[in-house]
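Remarks on the structure that follows.
The values are calculated or read from the model by the stated rules, or taken from the named source; none is laboratory data. On a predicted model such as this, the values are computed, not experimentally measured, just so you know. Please note: Cβ atoms are built from the backbone with ideal geometry, for glycine as well, and neighbour counts cover all protein chains shown. Keep in mind that these areas ignore ligands, DNA and RNA; they rest on the heavy atoms of the full protein, side chains included. Shrake-Rupley method; radii C 1.70, N 1.55, O 1.52, S 1.80 Å.
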Amino acid sequence: MAKVQAPRGTHDVLPAQEDARHALEEAAARILGAAGYERIETPMFEATDLFKRTVGESTDIVQKEMYTFEDGGGRSLTLRPEVTAPIARAYLEHGMHKLPQPVKLWYLSACFRYERAQAGRQRQFWQIGAEAIGAADPAVDAELITLLHRVLDEVGVEELELRISSLGTPATRASYRDRLQAHLRAHEDQLSEEVRGRIDLNPLRAFDSDHPGTVEVMKTAPLLLDELDADDAAHFAQVRELLDVADVAYVIDPTLVRGLDYYARTVFEFTSGALGAQSAVGGGGRYDGLVEQLGGPVTPGCGWAAGVERILLAAGERAAGSTQIDLYVAFEGEAQRTAAFAIATYARQAGRHAQLELAGRSMKGQLKAAARVGARFVVIVREDGTVLKDMDSGEQHDVDPAPDAVVAAVQRGMGSL
Ligand code: AMP
């Protein structure tokens, strides 16, 4: 019979990769927690409308990447392609605007996008993200960028580069959009079919294209950064100043376009030269209109999301060492199983990392298994006596077979008694 495989674009996280993931989660929890961000978890699926209204009807995500389905009650639901809109929904739904502002949240959540699967691009992937909702201060933007930089740096992401820009307010963007559309129309015959098809819906995405003709046309395109109003320009200048204070290096990239519609003012993206074509490790920006789009009051907000799989790829999957095993409990003869089980149980209760022989191996096989898992000590329970072997020195001596006596001997051997 044909074997059933995991769906394309998904993968199992095997035990060998868990240590590195855990180290990343721990670093994020520590760094974000220390800065006052609290963890939140939203449902894996939401009303489809949530993403249509916020991420934007014209975006790739909404147009072709959502896993949308009808439930038994005929409601249209979507597996979350991103987590910012769900968090803005939760902020409103739970009246978080009544809390001291900004409300600072972080998450580690699975996301789903029907994308062309390749290295660093899956259909199910995980994002670590942080959001600060309810404050317009440029220090919020700079704090968030600095924290993401710290997380990436701490887990060892190599060849990191930060690009930043500002999209201005929706009004600035609208008038800029008209000018950009006029520029694209004037050079329509040189553009790729895809870009031409999106002049009306999403002209900004033309900056993302690597089609040679389009790239040429974009060299002379007007830039949004040159058209910011005074307030937006001042906000952007302050964000840059604070990044300088935090010693976070950046490049200003006026062509930076994020694939979601809800951004305004600051946008940013971290890339890693250690990755191939999918070089974006994480990014985000300010989304001052998002909560309002969901029917809430005018509420500023800013945040970022970073891909767990890409971070680990870019960090060279530098795994933290696997758990050290203090004691391997080996035994000879069925009659000794209960005594061996009691020792392993007692050792675990005493806080020791202990493993019990479970495969019925020969004594030689058991000692090999103990060496393979890196056990520091092996206790060998035999009918004619119990022996404790120090795997570092190779020395062994008789011990009292009572579980507490064995564990005390291990602790003495490890220098903790
Ligand atoms: P975005 O919200 O599209 O900017 O995504 C934020 C981050 O999530 C990206 O910088 C990537 O690290 C990660 N990411 C986005 N889409 C995928 C995907 N299909 N597979 C793996 N990681 C992704």
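Every condition in (1) among the hydroxyl-bearing types (Ser, Thr, Tyr); (2) without any contact (Cβ under 8 Å) to a residue 40 or more places away in the chain; (3) open to solvent by less than 60 Å² (accessible area, probe 1.4 Å) is met by Thr255 except one, and the failing one is (2). Among the residues of segment 304-317, those that are near the ligand (Cβ under 10 Å from one of its atoms) and either in contact with a Gly (Cβ under 9 Å, 6 or more places away or on another chain) or at pLDDT below 95 (or both) comprise Trp304, Ala305, Ala306, Gly307, Glu309, Arg310, Ile311, Leu313, Ala314.
Here are Val407, Val308, Val381, Val329: which of them is open to solvent by less than 30 Å² (accessible area, probe 1.4 Å), touching a residue at least 24 places away in the same chain (Cβ under 8 Å) and in the same structural domain as Leu260 (by TED's automatic domain parsing)?
Being open to solvent by less than 30 Å² (accessible area, probe 1.4 Å), touching a residue at least 24 places away in the same chain (Cβ under 8 Å) and in the same structural domain as Leu260 (by TED's automatic domain parsing) holds for just one of Val407, Val308, Val381, Val329, which is Val308.
Does Val248 satisfy the condition of being assigned to a loop (DSSP other than H, G, I, E, B), modelled with pLDDT of 90 or more and more than 12 Å from the ligand (Cβ to nearest atom)? Yes: the conditions hold for Val248.
Within segment 209-218, does at least one residue satisfy the condition of being within 20 Å of Glu131 (Cβ to Cβ) and not β-branched (Val, Ile, Thr)?
Step one: of segment 209-218, the residues within 20 Å of Glu131 (Cβ to Cβ) are none.
The answer is no, given that none of the residues of segment 209-218 is within 20 Å of Glu131 (Cβ to Cβ) and not β-branched (Val, Ile, Thr).
Annotation: of all residues in segment 61-72 being of a type in the set (D, E, K, R) and within 18 Å of Arg8 (Cβ to Cβ), the one that is farthest from the ligand (Cβ to nearest atom) is Lys64. Screening Ser272 against (1) closer than 21 Å to Gln17 by Cα; (2) open to solvent by 30 Å² or more (accessible area, probe 1.4 Å); (3) within 16 Å of the ligand (Cβ to nearest atom) leaves a single unmet condition, (2).
Restricted to segment 77-112, and to residues there that are open to solvent by 10 Å² or more (accessible area, probe 1.4 Å), over 11 Å from Ala132 (Cα atoms) and among the basic types (Lys, Arg), the residue that is modelled with the lowest pLDDT is Lys98. When you look at Ala174, is it out of contact with any helix residue (DSSP H, G or I) (no Cβ under 8 Å at 6 or more places or on another chain), surrounded by fewer than 18 Cβ atoms within 10 Å (Cβ to Cβ), within 30 Å of Val103 (Cβ to Cβ) and in the same structural domain as Leu105 (by TED's automatic domain parsing), yes or no? It is false that Ala174 is out of contact with any helix residue (DSSP H, G or I) (no Cβ under 8 Å at 6 or more places or on another chain), surrounded by fewer than 18 Cβ atoms within 10 Å (Cβ to Cβ), within 30 Å of Val103 (Cβ to Cβ) and in the same structural domain as Leu105 (by TED's automatic domain parsing).
Here segment 43-58 is the region considered, the condition is being β-branched (Val, Ile, Thr) and at pLDDT below 95, and the residue that is nearest to Leu294 (Cα to Cα) is Thr54. Residue check: is Leu144 open to solvent by less than 50 Å² (accessible area, probe 1.4 Å), away from the ligand (no atom under 12 Å from the Cβ) and closer than 26 Å to Glu26 by Cβ? When the stated conditions are applied, Leu144 passes them. For the structure I just gave you, tell me whether Glu131 is open to solvent by less than 20 Å² (accessible area, probe 1.4 Å) and either assigned by TED's automatic domain parsing to the domain that holds Ala264 or within 16 Å of the ligand (Cβ to nearest atom) (or both). When the stated conditions are applied, Glu131 passes them.
What number of residues within segment 386-399 satisfy the criterion of being surrounded by fewer than 15 Cβ atoms within 10 Å (Cβ to Cβ) and under 15 Å from Val329 (Cβ atoms)?
Selection size over segment 386-399: 0.
Among the conditions (1) at pLDDT 95 or above; (2) in a helix (DSSP H, G or I); (3) open to solvent by 30 Å² or more (accessible area, probe 1.4 Å), the only one that Val239 does not satisfy is (3).
Ala139 falls short on exactly one of the conditions (1) in contact with a Ser or Thr (Cβ under 9 Å, 6 or more places away or on another chain); (2) among the small types (Gly, Ala, Ser); (3) away from the ligand (no atom under 12 Å from the Cβ), and that condition is (1). If you go through segment 218-230 and keep only what is out of contact with any strand residue (DSSP E or B) (no Cβ under 8 Å at 6 or more places or on another chain), in contact (Cβ under 8 Å) with a residue 24 or more places away in the chain and not in a loop (DSSP other than H, G, I, E, B), you end up with Met218, Asp226, Glu227.
Those helices (runs of 4 or more DSSP H) of segment 1-101 in which at least 2 residues are within 20 Å of the chain's Cα centre (by Cα), considering only elements entirely within it, cover 15-34, 84-93. Of note, Val217 does not satisfy the criterion of being in the same structural domain as Thr271 (by TED's automatic domain parsing), touching a helix residue (DSSP H, G or I) at 6+ places or on another chain (Cβ under 9 Å) and either farther than 23 Å from Ala136 by Cβ or not small (Gly, Ala, Ser) (or both). Would you confirm whether any residue within segment 154-168 is in a helix (DSSP H, G or I) and either open to solvent by 20 Å² or more (accessible area, probe 1.4 Å) or among the polar types (S, T, N, Q) (or both)? Scanning segment 154-168 turns up at least one residue that is in a helix (DSSP H, G or I) and either open to solvent by 20 Å² or more (accessible area, probe 1.4 Å) or among the polar types (S, T, N, Q) (or both).
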